[in-house]
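To keep things clear, I will list the structure first and then write my remarks on it.
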């Protein structure tokens, strides 16, 4: 397979990861918790088939003299093990250990998946993806595709990685980019510099800090959500 350039957003993540290649700071992870009515083997098959369609997950990355690149693998494979864990505490500990493992960008792939059978019947879908490959929006599209495929609904193919890179290259230096730069320069004119408690610049953190709280009905109504009660994590 031929090597492709990284997008502008990918280059920033690539160089940040090179400052600490062993850091898991750019490992993004999600867990979808379902009930006992979900068939774990069927879900694993839906995940496997869907991820094989996402070309950007099946690449290896490197650089030539400071020019980073990505190369799709010729015959990608997706391993989606179905694991049995005794309870939610054990499942959360397993996921915490996995998300702490950095990806090997030079070898690929850029994702890890598992279906967890938790306790007597709950089924959890866990996925970890390097931020070089997806953002939150792209991950939501993957989840929707898996859900539709599991339910037997019609699915649409994802776009090709090469086409995305071509769009990114066309945007660079275009009138659209000039207009965007002018807009944000005006919006942020006079804004104060970013500040931090440390009083200095520092590298990326290792594992992210996470806090969770439950919102009662009154503040939850301020959020555009169909679920109540509502939770918030950061």
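The numbers here are math on the coordinates, done by the rules we state, and not lab data. Predicted, not measured: the structure shown is a model, and the values here were computed from it. All Cβ positions, glycine included, derive from the backbone under ideal geometry; neighbour counts span all protein chains shown.
Quick rundown of the values:
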read-out	value
Spin-label pair residue 36/residue 158, simplified geometry with 7 Å Cα→Cβ offset, distance in nm	3.4
Sites residue 11 and residue 79 - FRET efficiency at Förster radius 25 Å, r taken between beta-carbons, to 0.05	0.30
Residue exposure sequence - 131, 58 - by fewest surrounding Cβ within 10 Å	131, 58
Cβ-derived FRET efficiency at R0 30 Å, residue 53 paired with residue 187, nearest 0.05	0.20
Ascending count of other beta-carbon atoms within 10 Å, so fewest first, for 184, 69, 125	184, 69, 125
Highest to lowest packing among 35-45, 140-150, scored as the average C-beta count within 10 Å	140-150, 35-45
Proxy reagent accessibility, fewest Cβ within 10 Å first, across 158, 15	15, 158
Length added when fully stretched, residue 2-residue 195, from 0.36 nm per residue minus Cα-Cα	65.2 nm
